[in-house]
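Peer 1: Okay, handing you the structure first.
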Amino acid sequence: MKSLIDILDLSTEEIDSLVDTALDIIASPAKYAEKCRGKKLATLFFEPSTRTRLSFEAAMMELGGNVIGFSEASSSSATKGESVADTAKVISCYADIIAMRHPKEGAPLVASMNASIPVINAGDGGHNHPTQTLADLLTIRREKGHFDNLTVGFCGDLKFGRTVHSLINALSRYTGVKFVLISPDELKLPGYVIRDVIEKNGLPYVETRSLEEVMPELDILYMTRVQGERFFSEEEYLRLRDSYILDTEKLKGAKEDLVIMHPLPRVNEISVAVDRDPRACYFKQVLNGKYVRMALILKLLTEAGTI
Amino acid sequence: MKIDSINNGIVIDHITAGRGMELYRLLGLDSLDCSVALIRNTASRKMGKKDIIKIDADIPVSFDVIGYVDPGITVNVIRGGVIAEKRTIELPATLTGVIKCKNPRCITTVEQELDHVFKLVDRETKTYRCIYCEAKAE
């Protein structure tokens, strides 16, 4: 049974095909409106994540399907001590596909090993969130038309940001990609990601603390939130925080066709004034997330022989 | 030093000198009723010094444990006083129930019945990662 647990479960051909399906859904939504009629998506959210859950639910509804599920562990059998494996077996009797969010890393993999229906990882702790990466990839494809030969800047918390690690993993499989890693020393990209992903694929990268310095060369700027709790002292946090806030001033040296992305929610790392800049794509990313989840549900249900 | 040869049992040979005790513990040999000999730092033409474990019973042993602790070990199964089977153990591709995941965020910390499974991701550096959370084995 094919599930999606890690973005690397998908080949580049499969990603290209998902993106193509998403683009076709955007172009001809009516063609897809009944594709999942009579089918059910179970959203098993053991921790709250309103936006991701609603995105999955909207995706299934726009395919003509139905949704069942829960939005936090307290309203599930987990409170009675039921294991993830048992939950997956039980839900397999009710639904056709599962989207699972869980605070523990690896829980969706356990579900996929026990379910008889496809499982989509909708985020497992700080580990994986493959559909966010698919949303990011669809956004890049829509804005740039391709994944090859792009200079991609990641800015902010590169140490703990799972969306950053996943997107680097996914983009590392394309040719001519260059990574620009912008962060304070405390939040640099972990050595194993550089070693096992970027260097292993022979791709160039630079590490810098200054966003302004590298801004002119970027095709994509992927912003993330620098969280105060990641620092040893409040003083250090306050000293560094503003260096990683994107405002109209810092954008002055940027390319005309720069694509500004952010996995959201944003707190203050992108000034609201930037929202009016046509290069700001982070709300488009949200919409793209729904389309690519539609494409993914279709792919998995088709492969399972359900539709 | 003389250790009697065994008639039916297992000889774990070519253990890197000093690792015999670790293997002894991991294989749970302390709980066996039969004779078990742990020979440390004995002379070896190939290795200079080596450890050997002799078990005087044909018990099932975990080749995964052996391969993980010390790849290159030879396991000889003795039946009727002769070597009936000889296996050189390599680093196993998967380890099930051998080491525990220590990542507090891993699903294995809350679901006790789950097997702790690690996959070999780099043979050169002998790196194993948890299949659930991808934490590196310590």
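Every number here is computed from the coordinates shown, using simple stated rules; none is lab data. Here the structure is a predicted model, which means the values were calculated and not measured. When we count neighbours, we look across all protein chains shown, and the Cβ atoms used for this are built from the backbone with ideal geometry, even at glycine.
Peer 1: Which listed residue (A:Leu44, A:Ala122, A:Leu137) has the Cα farthest towards the positive end of the charge dipole for chain A, taking +1 on Lys and Arg C-beta and -1 on Asp and Glu C-beta about the Cα centre?
Peer 2: Positive-most Cα among the choices belongs to A:Leu44.
Peer 1: Which whole number gives the average, over all residues in A:105-113, of C-beta atoms from other chains lying within 10 Å of the residue C-beta? Kindly include the intermediate steps, with their values, before the conclusion.
Peer 2: Values: counts 13, 16, 6, 2, 4, 6, 1, 0, 3.
Partner Cβ neighbours, averaged per residue: 6.
Peer 1: Suppose a student asked you for the relative contact order of the stretch B:9-88, using Cα pairs under 8 Å spaced at least 6 residues apart; what percent would you report? Can you show the working numbers first?
Peer 2: On the way: 148 pairs, mean separation 31.9, N = 80.
So the answer I get is 40 percent.
Peer 1: If we count other beta carbons within 10 Å of each Cβ, what is the order of A:Thr50, B:Thr96, fewest first? Kindly include the intermediate steps, with their values, before the conclusion.
Peer 2: Numbers: A:Thr50 10, B:Thr96 13.
In increasing order of surrounding Cβ atoms, one gets A:Thr50, B:Thr96.
Peer 1: Run down the lysines and flag those whose C-alpha is under 27 Å from the C-alpha of A:Lys80, throwing out any fewer than 8 positions away in its chain.
Peer 2: Counting by Cα, and skipping residues close in sequence, A:Lys80 has these lysines nearby: A:Lys40, A:Lys89, A:Lys104, B:Lys100, B:Lys102.
Peer 1: Please tell me which of these pairs span more than 24 angstrom C-alpha to C-alpha: A:Lys31/A:Lys284; A:Lys200/A:Lys252; A:Lys255/A:Lys290? Please list the in-between numbers first.
Peer 2: Values: A:Lys31/A:Lys284 22 Å; A:Lys200/A:Lys252 34 Å; A:Lys255/A:Lys290 28 Å.
Too far apart for the 24 Å limit: A:Lys200/A:Lys252; A:Lys255/A:Lys290.
Peer 1: Follow-up. Count the net charge of all other residues whose Cβ sits under 11 Å from the Cβ of A:Pro48, scoring Lys and Arg as +1 and Asp and Glu as -1. Don't jump to the answer; show the numbers that get you there.
Peer 2: On the way: positive: A:Arg51, A:Arg53, A:Arg101; negative: A:Glu47, A:Glu72.
With Lys, Arg at +1 and Asp, Glu at -1, the net is +1.
Peer 1: Spelling out what I want: for every residue of the stretch A:214-227, take phi, set θ = phi - 60°, compute 6.51 cos²θ - 1.76 cosθ + 1.60 (Karplus), and round to whole Hz; glycine and proline get x.
Peer 2: Using θ = phi - 60°, the values come out as 9, 3, x, 8, 7, 8, 10, 10, 9, 8, 9, 8, 8, 8 Hz.
Peer 1: Please work through the protein assembly as shown and write down the cysteines that have no neighbouring cysteine Cβ at a distance under 4.7 Å.
Peer 2: A:Cys36, A:Cys93, A:Cys155, A:Cys281, B:Cys34
Peer 1: Report the one residue of B:Val75, B:Asn41, B:His116 whose Cα lies farthest in the direction of the positive end of the charge dipole of chain B (charges on C-beta: Lys and Arg +1, Asp and Glu -1; origin at the Cα centre).
Peer 2: The listed residue farthest towards the positive side: B:Asn41.
Peer 1: Just the number: Rg to Rh for chain A, Cα atoms, Kirkwood Rh, two decimals.
Peer 2: Values: Rg = 19.5 Å, Rh = 20.0 Å.
Ratio of gyration radius to Kirkwood radius for chain A: 0.98.
Peer 1: Further, regarding this structure: By per-residue mean of other Cβ atoms within 10 Å, what is the highest-first order of B:43-50, A:11-18?
Peer 2: On the way: B:43-50: 11.6, A:11-18: 14.4.
The packing order, highest mean first, is A:11-18, B:43-50.
Peer 1: Determine the calculated [θ] at 222 nm for chain A from helices alone, applying -39500 (n - 2.57) to every DSSP H run no shorter than 4 residues and normalising by the residue count; nearest 500 deg cm²/dmol. Write out the running numbers ahead of the final one.
Peer 2: Working: 9 runs with 105 residues, N = 307.
The helix contribution divided over chain A gives -10500 deg cm²/dmol.
Peer 1: Could you work out the relative contact order of chain A? I mean the mean sequence separation of Cα pairs under 8 Å and 6+ apart, divided by the number of residues, in percent.
Peer 2: On the way: 577 pairs, mean separation 61.8, N = 307.
Reported relative contact order: 20 percent.
Peer 1: Another question, if that's okay. In debye to the nearest 20, how big a dipole does the protein assembly as shown give about its Cα centre with +1 on each Lys and Arg Cβ and -1 on each Asp and Glu Cβ?
Peer 2: On the way: 57 positive and 62 negative charges, 125 e Å.
The dipole magnitude comes to about 600 debye.
Peer 1: Right, something else. Per residue of A:71-84, what is the mean number of Cβ atoms on other protein chains within 10 angstrom of that residue's Cβ? Mind showing how you got there, number by number?
Peer 2: On the way: counts 0, 0, 0, 0, 0, 0, 0, 1, 0, 0, 0, 0, 6, 4.
Counting other chains' Cβ atoms within 10 Å and averaging over A:71-84 gives 1.
Peer 1: Using a 10 Å cut-off on Cβ to Cβ distances, tally the other chain neighbours for every residue of B:125-136 and report the average as a whole number.
Peer 2: Details: counts 0, 0, 2, 0, 1, 2, 4, 11, 10, 6, 3, 1.
Mean inter-chain Cβ contacts per residue within 10 Å come to 3.
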